[in-house]
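Read through the structure below, which is laid out as structure tokens, and then see the notes.
The values are calculated or read from the model by the stated rules, or taken from the named source; none is laboratory data. Predicted, not measured: the structure shown is a model, and the values here were computed from it. Note that each Cβ is placed from the backbone with ideal geometry, even for glycine, and that neighbours are counted across all protein chains shown.
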Amino acid sequence: MPYAAITGWGQALPERVLTNVDLEKMIDTSDEWIFSRTGIRERRVVGRDETTTSLATAAARQALARAGRTPDEIDLIVVGTATPDDFLVSQSCLVQGELGGNAGAFDVGAACAGFVTALSAGTQFVTSGVYRRALVIGVDTLTRYVDYTDRSTCVLFGDGAGAVVIEATEEPRGLLSTVLGADGAGHKHLFVPGWGALVPESAELFPEYRPYLQMNGKEVFRFAVGVMGDAAVDAVKRAGLCFDDVDMLIPHQANLRIIDAAARQLELPREKVWVNIDRYGNTSAASVPIAICEAAEAGRLKEGDNVVLVAFGAGLAWAAGVVRWGTAGVAERADQYDETATR
Ligand code: ACO
């Protein structure tokens with residue numbers, strides 16, 4: 001079984017909507033500035049009762065229902081996240097605890113590139129024959145680490161989760177190629193000081209200290225424009241395809257100008273690029289699977305379509321791949337899924 005078809009997909013978003021107009025009342029900014037520089041109009045922000053676990057579990061349940069699978073039938077759960085609910089317990093174990101079953105469970109840390117990296121990891125287990133079915137999730141609640149007095153970062157991020165089920169098949173479906181890369185020297189351009197096991201002076205001196213995300217926007221922008229298009233082109237080549245074979249680009253949604261640069265490099269018109277940054281902002285590891293789910297729900301992904309996924313994030317890290325869409329008959333339920341069943 002050399003392939004791992006995507007047979008189910010799901011997404012979950014927090015209820016609360018934070019618009020650019022809301023932000024105008026909180027900080028010195030404007031809808032015009034935010035939209036023209038980033039493409040964002042609004043984003044979703046977790047409330048007290050919403051967590052990384054609750055979002056990831058809701059997305060996973062929807063993906064499982066679409067695939068017609070129960071948690072017992074899943075062999076492996078891989079979660080890409082930078083904002084797990086616990087330091088010690090993996091986010092994938094927390095999700096598994098909610099879903100039930102005894103699937104193997106581990107997390108992937110690649111920030112916004114987390115889902116594409118996790119999909120690559122899960123696919124290796126399935127295509128090598130070690131496991132038959134895996135649940136792959138991208139989830140983040142970065143707004144918990146956003147300083148809402150810092151206008152250069154707080155306008156960018158939102159929260160959410162997306163999930164897919166992948167299953168072994170002999171048909172060429174699922175992830176056909178993978179490109180992973182990192183430039184660790186750039187870690188200082190995007191990080192959360194005082195969040196890790198590296199005990200910061202601030203924690204000793206200021207017990208009330210709250211860690212917030214810090215970013216050198218210009219450097220990250222420069223890096224992203226350089227790497228997104230190159231990684232996407234590399235993924236197409238590694239899949240043995242040419243640009244004309246690409247039916248859809250589903251990029252990480254960090255900035256519309258970065259997305260446009262990647263699309264230009266693949267010579268793709270805007271209608272072949274999935275964009276939802278206007279509604280959700282940058283949801284980190286969740287952005288690619290949420291977009292996959294939306295595109296599938298809108299009927300824009302057809303059996304046999306070649307879909308390029310590409311993402312970049314803190315690390316600095318990047319990940320790309322080409323997915324051949326379709327269940328190839330592995331799970332008929334995906335096409336007959338009744339959305340009302342999970343509501
Ligand atoms: N509202 C109004 N003005 C603002 C705002 C705001 N929200 N934010 C910054 N400005 C001001 C700045 O202070 C600056 O003013 P000055 O010239 O008087 O100093 C001016 O706008 C221009 O600021 P720049 O930083 O040059 O703006 P730029 O065009 O570079 O856009 C942005 C900034 C949107 C952050 C851009 O650099 C970007 O998108 N970078 C990439 C960020 C990114 O993708 N991060 C996510 C990585 S994924 C992950 O792993 C989490």
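Computed quantities for the displayed model
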| read-out | value |
| --- | --- |
| Residues of the range 152-170 satisfying the condition of being surrounded by fewer than 17 Cβ atoms within 10 Å (Cβ to Cβ) and closer than 26 Å to Val322 by Cα | Glu170 |
| Only one of Ile259, Ile250 that is under 22 Å from Ala82 (Cβ atoms) and in a strand (DSSP E or B) | Ile250 |
| Which listed residue, of Phe87, Phe115, Phe35, Phe106, is buried (at least 24 other Cβ atoms within 10 Å of the Cβ), among the aromatic types (Phe, Trp, Tyr) and in the same structural domain as Gly162 (by TED's automatic domain parsing) | Phe115 |
| Residue tally, condition near the ligand (Cβ under 9 Å from one of its atoms), closer than 26 Å to Leu309 by Cβ, touching a helix residue (DSSP H, G or I) at 6+ places or on another chain (Cβ under 7 Å) and not aromatic (Phe, Trp, Tyr), over the range 152-165 | 2 |
| Qualifying position, being in contact with a helix residue (DSSP H, G or I) (Cβ under 7 Å, 6 or more places away or on another chain), at negative phi and among the acidic types (Asp, Glu), among Glu219, Glu271, Glu297, Glu267 | Glu219 |
| Ala291 being within 16 Å of the ligand (Cβ to nearest atom), part of a helix (DSSP H, G or I) and without any contact (Cβ under 8 Å) to a residue 60 or more places away in the chain | no |
| Qualifying residues in the range 312-327 (those that are within 8 Å of the ligand (Cβ to nearest atom) and under 12 Å from the mean Cα position of the chain (by Cα)) - the one surrounded by the most Cβ atoms within 10 Å (Cβ to Cβ) | Phe312 |
| Number of the condition not met by Ala261 [criteria: (1) at pLDDT 95 or above; (2) surrounded by fewer than 23 Cβ atoms within 10 Å (Cβ to Cβ); (3) within 12 Å of the ligand (Cβ to nearest atom)] | (1) |
| Matching residues in the range 209-239 - criterion: being touching a Ser or Thr at 6+ places or on another chain (Cβ under 9 Å), touching a residue at least 40 places away in the same chain (Cβ under 8 Å) and not charged (D, E, K, R) | Pro211, Tyr212, Leu213, Gln214, Met215, Gly217, Ala235, Val236, Ala239 |
| Qualifying positions in the range 152-191 - of a type in the set (Val, Ile, Thr) and in a loop (DSSP other than H, G, I, E, B) | Val155 |
| Positions within the range 134-151 being over 20 Å from Gly313 (Cα atoms) and either free of Cβ contacts under 8 Å to residues at least 12 places away in the same chain or buried (at least 24 other Cβ atoms within 10 Å of the Cβ) (or both), in sequence order | Ala134, Leu135 |
| Inter-residue pairs, beta-carbon under 6 Å, first more than 17 Å from Asp147 (Cα to Cα) and in the range 16-38, second within 7 Å of the ligand (Cβ to nearest atom), 6+ apart | Thr38/Asn255 |
| Qualifying residue in the range 136-151 (condition: more than 16 Å from the ligand (Cβ to nearest atom), at pLDDT 95 or above and not in a loop (DSSP other than H, G, I, E, B)) | yes |
| Entirely in the range 17-127, the helices (runs of 4 or more DSSP H) that have 2 or more residues that are more than 16 Å from the ligand (Cβ to nearest atom) and of a type outside the set (Ser, Thr, Tyr) | 52-67, 91-99, 114-127 |
